[in-house]
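Step one of this worksheet: look at the structure below.
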Amino acid sequence: MLGGRKHSQNLTLIIQSYCNFWSISTFILAATLICPFIALILLSTGDSEGLWDHLLATVVPRYTVNTLFLMTGVGFFSLLFGISTAWIIARFKFPCSKILEWSLLLPCTVPSYIIAYTYTDLLEYAGPVQSLLRDIFSWSSAQDYWFPEIRSMGGAILVMSSVLFPYIYLLARTSFRETSRSYFELTKLHRPSSKVFIDIALARPAIIAGLSLVLMEVLSDFGTVEYFAVETITLGIFNVWLGMNNLVAASQIAGLAFIFIISLILIERWARKRQRFSDTTKSKHIIKPIYPTKPQQFLCIIVCFLPILLGFIIPISILLNFVLKGFSIVDFENLRPALYNSLLLSSAVAIIVMMTSWSMVITITYKKQRILGVFSTLSTLGYAFPGAILAIGVVSFAGFIDKFSEYAYQETEIGLFNNFLIGGIILLVIACVVRFQAVGHGAIFSGIQKLSPNIMEAAVTLNRSFSASVLNLSPPLLSKSILAGSILVFVDVMKELPMTLLLRPFNYETLATYVYQFAKDELLEETALAAIIIIFAGLGPIILLNKYQQNSNKT
């Protein structure tokens, strides 16, 4: 009897702990962000009217093989570029090493679809490279020589590797620098040439984490594979959804991508779980840098400069050449609305993401409620999903909401919210918030971990309520994290292409869709200025990352 009463009292206390504004709002926000994932799963169980069986027997194997081949190729070259440059920067001191250290992050400011457009203009038959070769060797036609086709699987691997390797470079460089001298001294028992392999083995969790990010970006890419006619799963989703007007079949193809994503997440978690190193020394000594000889310095500069040349200097030079020489015919009447829409959309999403992330992280950190923590974690999974897949889930969820609102309108004849999501800008905003929630969540969470865990308890002892303490203390204490997260979300939305193409209202253009619409019609000159704006918008995160790394090295 007493045990039952005690159990009832405990249950009552638990329910009361969740019945407050912060906990309820966190639950509602997290549930709303999770709903598109649930809607996608439910939609994929629907009837595709026999189309799925036809696709499975015809194009789905090709989509799967091409996706695997593209992921393998991009993963290999991204590892090659990322690990080699990270190890050189972390272990050697040579002229220009400080400049190369942050310059190696510049390629990630270039969206893969923009670099695909610029390399096609450079290397196609009528481009400057082949034209120069014909002039030098007096070739008169394409039959006189062979030149690799840029619009191919190999071309897609080259251009995507050139802009995605910084994910691996950044994490591997940090891991190499944090390696204790006690680990590195173990290499004295082996040949000197084995040091790099031991370094890589120690940094394996960070490298695999970076590789997972690269492969997720490959899986979510649409602009490059569509322009190069490489039929991947993401391109298949577009073809089935827009070409065949079958959302159920598209969601079933998206299920394949879901399997890829879950596999990548599990592999990354497995690598981190299996890797364990313990430093038995009292302190962690930084490894002294190596000062290479003159020939070695030249080799280090070449190895580090090549990815920068391929991923940033060449594409930005082509675009700037169009603008400076007047080849870029800018239609300001169309560019101005696209720029305005991009700025407004990116700002709105950044504000919403940071507000929801701030509220959720504050609640799960200081309320310490495990269930809310699980919901909050699930709400950040959108960043791991390709934009095309998320678009399907968001459309399905929005369709349910609109049907409910239509029913409410029929019952109450209040048409304020009648069919207000499908075809509107609100739908695109919701999709971007779901997609980039993890960015804001990570920024706030990293900032709050640096605060004292007793800060809220201290405020309560001063007779301040939890809400007053949160509203007064957290904004100034988390201002840097909020600013960093806002910039990262802002730039990600500026570059987002697949979701914007699928969910934008009629006659609504952003800079990304503006570039896509002209470039797919071979009018790259028309898009040069817009592409440069997108690239230079990405310099903000690079400056933040470089500053953060410098502060970390000082500490």
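The values are calculated or read from the model by the stated rules, or taken from the named source; none is laboratory data. Not measured: the values here are computed from a predicted model. All Cβ positions, glycine included, derive from the backbone under ideal geometry; neighbour counts span all protein chains shown.
Has the range 538-554 got any residue that is over 24 Å from residue 439 (Cα atoms) and at pLDDT below 75?
Among the residues of the range 538-554, at least one is over 24 Å from residue 439 (Cα atoms) and at pLDDT below 75, which makes the answer yes.
Under the condition of being hydrophobic (A, V, I, L, M, F, W, C) and more than 25 Å from the chain's Cα centre (by Cα), which residue from the range 44-73 is surrounded by the fewest Cβ atoms within 10 Å (Cβ to Cβ)?
Checked the range 44-73; the qualifying residue surrounded by the fewest Cβ atoms within 10 Å (Cβ to Cβ) is 57.
Would the range 425-438 turn up any residue that is over 30 Å from residue 338 (Cβ atoms) and at pLDDT 65 or above?
Checked against the condition, which is being over 30 Å from residue 338 (Cβ atoms) and at pLDDT 65 or above, the range 425-438 yields no hits at all.
From the list 128, 95, pick out the single residue that is under 26 Å from residue 289 (Cα atoms) and either out of contact with any Gly (no Cβ under 7 Å at 6 or more places or on another chain) or not acidic (Asp, Glu) (or both).
95
Those residues that are of a type in the set (Val, Ile, Thr), closer than 19 Å to residue 384 by Cβ and not in a helix (DSSP H, G or I), I need them from the range 200-248; list them, please.
Across the range 200-248, the qualifying residue is only 232.
So which residues in the range 86-143 are more than 26 Å from residue 154 (Cα to Cα), hydrophobic (A, V, I, L, M, F, W, C) and either in contact with a helix residue (DSSP H, G or I) (Cβ under 8 Å, 6 or more places away or on another chain) or in the same structural domain as residue 528 (by TED's automatic domain parsing) (or both)?
Within the range 86-143, 87, 88, 89, 90, 92, 94, 96, 100, 102 meet the criteria.
Check the range 121-128 and report whether any residue there is touching a residue at least 12 places away in the same chain (Cβ under 8 Å), within 24 Å of residue 530 (Cβ to Cβ) and charged (D, E, K, R).
The initial filter retains those residues of the range 121-128 that are touching a residue at least 12 places away in the same chain (Cβ under 8 Å), namely 121-125.
Adding the requirement that they be within 24 Å of residue 530 (Cβ to Cβ) leaves 121-124.
Going one step further and asking which of them are charged (D, E, K, R), we end up with 121, 124.
Within the range 121-128, one or more residues are touching a residue at least 12 places away in the same chain (Cβ under 8 Å), within 24 Å of residue 530 (Cβ to Cβ) and charged (D, E, K, R).
Among helices (runs of 4 or more DSSP H) lying entirely in the range 298-393, which contain 1 or more residues that are more than 21 Å from residue 114 (Cβ to Cβ)? Even if it seems obvious, please write down each step before you answer.
Details: elements: 314-324, 332-366, 370-378.
Passing ranges, in order: 332-366, 370-378.
For the range 80-98, check the following and say yes or no: at least one residue is in contact with a strand residue (DSSP E or B) (Cβ under 9 Å, 6 or more places away or on another chain), of a type in the set (D, E, K, R) and farther than 30 Å from residue 256 by Cβ.
Yes - at least one qualifying residue is present in the range 80-98.
Kindly check whether there is at least one residue in the range 449-463 that is surrounded by fewer than 21 Cβ atoms within 10 Å (Cβ to Cβ), modelled with pLDDT of 70 or more and of a type in the set (Ser, Thr, Tyr).
The answer is no, given that none of the residues of the range 449-463 is surrounded by fewer than 21 Cβ atoms within 10 Å (Cβ to Cβ), modelled with pLDDT of 70 or more and of a type in the set (Ser, Thr, Tyr).
So, of the residues in the range 74-90 that are within 16 Å of residue 215 (Cα to Cα) and not aromatic (Phe, Trp, Tyr), which turns out to be surrounded by the fewest Cβ atoms within 10 Å (Cβ to Cβ)?
Looking at residues that are within 16 Å of residue 215 (Cα to Cα) and not aromatic (Phe, Trp, Tyr), I get 80.
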